[in-house]
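Reviewing the structure listed below.
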Amino acid sequence: MIDGRANGGRANGGRANGGHMTEGRVAEDPASIPLPAALAEIAVDFLAMSARDRLTLLLDFSDELPELPERYVGHAELLERVDECQSPLFLVVEVERDATVHRFFQAPPEAPTTRGFAGILREGLDGLTVGEVLAVPDDAPYRFGLGEAVSPLRLRGMVAMLGRIKRQVRSKST
Amino acid sequence: MAVSTDHNSKFADYAHPERLVSTEWLAGHLNVGAVGNRDLVVLESDEDVLLYDTGHIPGAVKVDWHLDLNDAVTRDYVDGERFAQVLGERGIDRDTTVVIYGDKSNWWAAYALWVFTLFGHEDVRLLDGGRAKWVAEGRELTRDVPAQTAVGYPVVERNDSPIRAFKDDVLAHIGQPMVDVRSPGEFSGELLHMPDYPQEGAMRGGHIPGARSVPWARAAAEDGTFKGRAELEAIYLTEQELTPTDDIVAYCRIGERSSHTWFVLTHLLGFDSVRNYDGSWTEWGNAVRVPIEVGAK
């Protein structure tokens with residue numbers, strides 16, 4: 001089996017150096033609220049690639065989506081189902097005392113696109129505080145150039161994921 | 001036909017046995033290196049655009065129902081020029097035998113096959129049982145994308161009318177046999193999408209007046225293969241009292257599940273005149289002043 005990331009995935013996608021370009025890229029659109037740094041870095045990586053390589057990177061995110069922590073395994077009642085995804089996705093948000101947010105996702109291997117979306121949000125929102133998560137613009141899913149790679153229709157699932165994460169953050173931080 | 005048919009005894013009962021191949025047949029052709037040349041091309045067509053990339057049948061090429069077969073602007077299929085490009089890039093010429101397989105009991109594979117038929121591609125077949133059966137049998141998968149040599153596919157104009165129905169055709173068809181292949185909840189008007197899918201896409205629920213509810217999945221066995229001819233006849237001929245000479249319209253939500261039923265009626269049972277209404281419920285349930293029936297019957 002040949003690993004898909006060999007042609008243009010994260011391993012040689014130049015992500016490590018992407019961070020400092022972030023502000024310039026986002027600022028090109030004055031109407032946009034900026035993405036948090038990690039998410040902006042992911043966006044830069046995607047936008048630097050051809051549509052085909054974006055799919056490869058999305059597959060990397062899918063492959064690398066971690067399993068649910070032990071405490072949630074077998075506890076479907078603790079997870080929120082994201083109905084807007086074509087394939088079933090479940091998520092749960094934890095808010096620590098210092099307001100740091102953690103997100104956990106579960107989606108089957110037969111749903112790699114959904115898993116990839118979840119992987120982007122997991123990594124891109126990593127370690128953010130409540131305020132920072134709530135400040136993420138709702139149109140963030142459209143800023144990765146994925147519309148042409150997977151079709152805008154399919155991006156609705158990611159918009160819904162972000163919306164539900166923010167809603168859980170709001171309710172768990174008050 | 002560029003490649004011999006699969007002389008599987010189950011298929012022999014169907015009206016058009018040449019439209020199906022078994023996983024054994026395909027594995028045999030793979031073993032002798034007969035896949036990926038101009039004679040035989042294998043395509044994967046899935047709901048999830050990345051599923052192919054997670055691992056696919058060796059030598060298979062991806063075709064995406066949305067990005068490759070639908071027009072990017074108009075709600076319609078691609079035109080002859082774009083279709084020629086999509087097929088040519090995949091090493092398919094007009095005489096190539098194309099075998100399509102996919103996820104979800106071959107919905108999207110049947111949908112792709114139906115679109116190929118709009119363009120009159122003659123030899124296009126489904127892998128019985130689709131991706132799930134291949135995986136369940138522990139057969140080989142790879143992430144290796146085959147290097148495809150582009151060939152020239154002719155620009156052919158689509159011929160929609162024999163197998164595709166538009167809204168006005170359906171309005172004129174009311175009173176004649178129509179098959180609604182969605183789930184019972186969608187048929188009755190309780191749900192606007194399949195159970196477990198987002199409830200979006202239509203302003204009204206219900207079904208087209210006079211349509212019979214025959215969920216697509218009734219034609220599929222548990223392993224995703226098609227049921228045998230006798231079982232299919234019991235459903236569509238005996239129970240639903242359809243006859244092979246009837247003029248029939250099938251629909252679902254966007255035309256993918258009804259492609260599966262279109263395949264069953266046309267190729268497995270040999271019905272003469274079945275049209276797929278691809279506008280389906282996302283058009284009918286949003287259209288102004290079209291008649292709608294609600295309830296289970």
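The values are calculated or read from the model by the stated rules, or taken from the named source; none is laboratory data. No experiment lies behind these values; they were computed from the predicted model shown. Cβ coordinates were reconstructed from backbone atoms using ideal geometry, including for glycine residues, and neighbour counts include every protein chain displayed.
Can you name the residue in segment B:77-121 that is β-branched (Val, Ile, Thr) and within 11 Å of the chain's Cα centre (by Cα) and, of all such residues, is farthest from the other protein chains (Cβ to nearest Cβ)? Steps first, please.
Keep residues of segment B:77-121 that are β-branched (Val, Ile, Thr), which gives B:78, B:86, B:92, B:96-100, B:115, B:117.
Those still in the list that are within 11 Å of the chain's Cα centre (by Cα) too: B:100, B:115, B:117.
On the way: B:ILE100: 18, B:VAL115: 16, B:THR117: 23 Å.
Looking at the filtered set, the residue picked out is B:THR117.
When you go through (1) within 14 Å of chain B (Cβ to nearest Cβ); (2) more than 21 Å from A:LEU79 (Cα to Cα); (3) not hydrophobic (A, V, I, L, M, F, W, C) one by one for A:GLY119, which number turns out not to apply?
Exception for A:GLY119: condition (2).
Assess whether B:PHE83 counts as being within 18 Å of B:GLY255 (Cα to Cα) and at pLDDT 95 or above. Break it down stepwise before answering.
Working: within 18 Å of B:GLY255 (Cα to Cα): no; at pLDDT 95 or above: yes.
No: the conditions fail for B:PHE83.
Identify the single condition in (1) within 19 Å of A:ARG143 (Cβ to Cβ); (2) surrounded by fewer than 18 Cβ atoms within 10 Å (Cβ to Cβ); (3) more than 14 Å from chain B (Cβ to nearest Cβ) that A:ALA51 does not satisfy, given that it satisfies every other one.
The number of the failed condition is (3).
Do we find a residue being touching a residue at least 60 places away in the same chain (Cβ under 8 Å) and either within 18 Å of B:LEU51 (Cβ to Cβ) or in contact with a Phe, Trp or Tyr (Cβ under 6 Å, 6 or more places away or on another chain) (or both) anywhere in segment A:127-138?
The answer is no, given that none of the residues of segment A:127-138 is touching a residue at least 60 places away in the same chain (Cβ under 8 Å) and either within 18 Å of B:LEU51 (Cβ to Cβ) or in contact with a Phe, Trp or Tyr (Cβ under 6 Å, 6 or more places away or on another chain) (or both).
Yes or no, residue by residue, for (1) of a type in the set (D, E, K, R); (2) over 23 Å from B:LEU113 (Cα atoms); (3) out of contact with any Asp or Glu (no Cβ under 9 Å at 6 or more places or on another chain):
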| position | (1), (2), (3) |
| --- | --- |
| B:VAL214 | no, no, no |
| B:GLU222 | yes, no, yes |
| B:GLU233 | yes, no, yes |
| B:TYR251 | no, no, no |
| B:ARG257 | yes, no, yes |
| B:LEU269 | no, no, no |
| B:ARG275 | yes, no, no |
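Is at least one residue of segment B:19-26 surrounded by fewer than 19 Cβ atoms within 10 Å (Cβ to Cβ) and part of a loop (DSSP other than H, G, I, E, B)?
Yes: segment B:19-26 contains one or more residues that are surrounded by fewer than 19 Cβ atoms within 10 Å (Cβ to Cβ) and part of a loop (DSSP other than H, G, I, E, B).
What helices (runs of 4 or more DSSP H) completely inside segment A:125-174 contain at least 3 residues that are buried (at least 18 other Cβ atoms within 10 Å of the Cβ) and within 14 Å of chain B (Cβ to nearest Cβ)?
Numbers: elements: A:130-134, A:147-150, A:152-172.
In segment A:125-174, the matching helices (runs of 4 or more DSSP H) lie at A:152-172.
Only one of A:VAL82, A:VAL92 is crowded, with 16+ Cβ neighbours inside 10 Å, farther than 26 Å from B:LEU191 by Cβ and either hydrophobic (A, V, I, L, M, F, W, C) or within 11 Å of chain B (Cβ to nearest Cβ) (or both); which?
Working: A:VAL82 fails: farther than 26 Å from B:LEU191 by Cβ.
The match here is A:VAL92.
Name the residue, out of B:THR266, B:THR282, that is at negative phi, surrounded by 14 or more Cβ atoms within 10 Å (Cβ to Cβ) and modelled with pLDDT under 95.
Values: B:THR266 fails: modelled with pLDDT under 95.
The unique qualifying residue is B:THR282.
Anything in segment A:95-124 that is touching a strand residue (DSSP E or B) at 6+ places or on another chain (Cβ under 6 Å) and surrounded by fewer than 15 Cβ atoms within 10 Å (Cβ to Cβ)? List them, or say none.
A:ALA99
Considering only segment B:202-226, state which residues are among the hydroxyl-bearing types (Ser, Thr, Tyr), within 19 Å of B:GLU239 (Cα to Cα) and crowded, with 19+ Cβ neighbours inside 10 Å. Can you show your working first?
Within segment B:202-226, the subset among the hydroxyl-bearing types (Ser, Thr, Tyr) is B:213, B:225.
Subset that is within 19 Å of B:GLU239 (Cα to Cα): B:213.
Listed by number, the list is empty, since nothing qualifies.
For segment A:127-155, what are the residues that are among the hydroxyl-bearing types (Ser, Thr, Tyr) and under 12 Å from the mean Cα position of the chain (by Cα)? Before you say what the answer is, go through the steps one by one.
Our first condition is that a residue be among the hydroxyl-bearing types (Ser, Thr, Tyr); within segment A:127-155, this holds for A:129, A:142, A:151.
Hit for segment A:127-155 is A:TYR142, nothing else.
Pick from B:VAL135, B:VAL86, B:VAL98, B:VAL42: which is outside any helix (DSSP H, G or I) and under 26 Å from A:THR114 (Cβ atoms)?
Residue meeting the stated conditions: B:VAL42.
Here is a list: B:ARG253, B:ARG218, B:ARG158. Which entry is among the basic types (Lys, Arg), in a helix (DSSP H, G or I) and on the phi < 0 side of the Ramachandran plot? Before the answer, list the steps.
Numbers: B:ARG253 fails: in a helix (DSSP H, G or I); B:ARG158 fails: in a helix (DSSP H, G or I).
Being among the basic types (Lys, Arg), in a helix (DSSP H, G or I) and on the phi < 0 side of the Ramachandran plot holds for just one of B:ARG253, B:ARG218, B:ARG158, which is B:ARG218.
Just name the residue that is farthest from A:LEU57 (Cα to Cα) out of those in segment A:95-116 that are within 14 Å of another protein chain (Cβ to nearest Cβ) and in contact with a Ser or Thr (Cβ under 6 Å, 6 or more places away or on another chain).
Our first condition is that a residue be within 14 Å of another protein chain (Cβ to nearest Cβ); within segment A:95-116, this holds for A:107-116.
Filter once more, keeping what is in contact with a Ser or Thr (Cβ under 6 Å, 6 or more places away or on another chain): A:107, A:111-112, A:114-116.
Values: A:ALA107: 18, A:ALA111: 15, A:PRO112: 12, A:THR114: 13, A:ARG115: 12, A:GLY116: 9 Å.
Taking the candidates together, the pick is A:ALA107.
Just wondering, is there one or more residues in segment B:53-72 that are free of Cβ contacts under 8 Å to residues at least 12 places away in the same chain, of a type in the set (D, E, K, R) and part of a loop (DSSP other than H, G, I, E, B)?
If we filter segment B:53-72 for residues that are free of Cβ contacts under 8 Å to residues at least 12 places away in the same chain, which is where we start, we get B:70-72.
Then keep just the ones that are of a type in the set (D, E, K, R); that gives B:71.
Adding the requirement that they be part of a loop (DSSP other than H, G, I, E, B) leaves B:71.
There is at least one residue in segment B:53-72 that is free of Cβ contacts under 8 Å to residues at least 12 places away in the same chain, of a type in the set (D, E, K, R) and part of a loop (DSSP other than H, G, I, E, B).
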